[in-house]
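**Q** Got a structure for you, questions after.
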Amino acid sequence: MKITAIEAIPFAIPYTKPLRFASGEVHAAEHVLVRVHTDDGVVGVAEAPPRPFTYGETQDGIVAVIDKVFAPQLVGLTLLEREVIGERLARTVGNPTAKSAIDMAVWDALGKILGYPVADLLGGYTDRMRVSHMLGFDEPSVMVAEAARMRDTYGISTFKVKVGRHPASLDTAVVRALRESFGDSIDLYVDGNRGWSASESMRAMTEMADLGLLFAEELCPADDVQGRRWLVERLDVPFIADESVPEPADITREVLGGSATAISIKTARMGFTRSRRAHHLAEGLGLEVVMGNQIDGQVGTACTLAFGTAFELTSRQAGELSNFLDMSDDLLAEPLRISDGVLHRSEAPGIGVEIDADKLAHYRLDR
Ligand code: MUC
Ligand code: MG
């Protein structure tokens, strides 16, 4: 159970369809595959997606902090010492996806050694989640066609619509077109990635009041403290905190401060260990939870699914598990498959994925 080495392997896989949103855009999955090796010969894996516009991390930075700081601090510890691992990672400020990938690779290795899926070790609630697909900025007709393709091909009927543009009518027109095209057969919610002010958000939400939205996510910055409280108090749908709650303590602060009433749990930024704390906080504070997507590849999606299926609260809402569909390829030997709007988790130990050695050799950037 002893950690003998931690590898950070940069790779790049192009997107077939770039994702555009208020805080940035993504054209390629320039991620880092993290492998935790143990003296049992077992290797745990996870992936870190650099999101400079959200967390400040870069692909080179993730590789450097793992190689130079985290690996030397963790080699020699055992997989059972996860509190010690967390404490050592926490000595370094920031770097959430680098820390989280290490945490999840540790859990993956532990599951493989014990012979159980991580989802069962964490909570074992269910074997599947409904899938919510994220629609990036485009013309209304293109976004409606994309939703129709997702529904017809994969059975997906929940959509998160990216908003936050100026003028806001660019976005409200999209949401209205989706509702008019699909009627009540789909669920819709919106994510602003902090693109609007509180008053712009209120005007847009008022304009969309008849469209039956499930949630509104991060429409305006949490740093606009009074404005955001004012907005959240007036909305009649839960307000999801996403990038404003990278740590469990942020959840407490934002919720008790009246700036959020629901949270997005992203394993990419909290790993399994801190996501579990976020989940317990959500239970204790009475918050709705959506399993969010950090524009993850299939390894990251398997991690989100492992965590989401572990608990009742995290599997209640459709999880954002489909961004990988917009990638031209991936690293898994056996790809994830969404059908009838549902993604089943693997019954294999750990997070239940196997890396295809040829694909990794093809896409890695360090050789
Ligand atoms: C999301 O839910 O916001 C876009 C930016 C980011 O940090 O994550 C994605 C999706
Ligand atoms: Mg979001």
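Where a number appears in this text, it was derived from the coordinates with a stated rule and is not lab data. Being a predicted model, the structure only gives us computed values, none of them experimental. Methodologically, a virtual Cβ is constructed for each residue, glycine included, from the backbone with ideal geometry; neighbour enumeration extends over all protein chains shown.
**Q** Suppose only helical runs count, i.e. DSSP H with n ≥ 4. What mean residue ellipticity at 222 nm does that imply for the chain under -39500 (n - 2.57) per run, divided by all residues and rounded to the nearest 500 deg cm²/dmol?
**A** After summing the helix terms and dividing by the residues of the chain, the value is -11500 deg cm²/dmol.
**Q** A further question on this structure: What residue among 228, 316, 269 shows peak mean-square fluctuation when the chain is described by a Gaussian network model with Cα springs under 10 Å?
**A** 316
**Q** Let me have the relative contact order for the stretch 120-344, percent, based on Cα pairs under 8 Å that are six or more residues apart.
**A** 24 percent
**Q** When Lys and Arg each count +1 and Asp and Glu each count -1, what net charge do the other residues less than 13 Å away from residue 100, Cβ to Cβ, add up to?
**A** After counting each charged neighbour, the total is +2.
**Q** On a 0 to 90 degree scale, rounded to 10, what angle separates helix 298-308 from the longest Cα axis of the chain?
**A** That helix lies at roughly 80 degrees to the long axis.
**Q** Please report, to one decimal in angstroms, the Kirkwood hydrodynamic radius of the chain built from all distinct Cα-Cα pairs.
**A** Averaging 1/r across every pair of different Cα atoms and inverting gives 20.5 Å.
**Q** I need the per residue convex hull volume for the stretch 288-367, using only the alpha carbons, in cubic angstrom as a whole number.
**A** Each residue corresponds to 107 Å³ of Cα convex hull volume.
**Q** Please give the net charge around residue 329, taking every other residue with its beta carbon less than 12 angstrom from that of residue 329, where Lys and Arg add +1 and Asp and Glu add -1.
**A** In short, -3.
**Q** Another question, if that's okay. Please report, largest first and rounded to whole Å, the three semi-axes of the ellipsoid equivalent to the stretch 327-367, where each semi-axis is the square root of five times an eigenvalue of the C-alpha gyration tensor.
**A** One finds semi-axes of 23, 14, 6 Å for the stretch 327-367.
**Q** Still on this structure, I have one more. Sorting check: for 326-333, 31-38, which peptide has the highest mean count of neighbouring beta carbons within 10 Å, and how do the rest follow?
**A** The packing order, highest mean first, is 31-38, 326-333.
**Q** Let me ask something else about it. For the chain, set up a Gaussian network in which alpha carbons nearer than 10 Å are linked by springs, and say which option among 305, 219, 89 fluctuates the most.
**A** Maximum among the listed residues: 89.
**Q** Please find, in a Gaussian network model of the chain (springs between Cα atoms separated by less than 10 Å), the residue of 93, 161, 353 whose mean-square fluctuation is greatest.
**A** For the chain, modelled as a Gaussian network with Cα springs under 10 Å, the answer is 93.
**Q** If you build the convex hull over the alpha carbons only and average its shadow over all orientations, what do you get for the stretch 2-115? Give it in nm² to one decimal.
**A** Average projection, Cα convex hull of the stretch 2-115: 7.4 nm².
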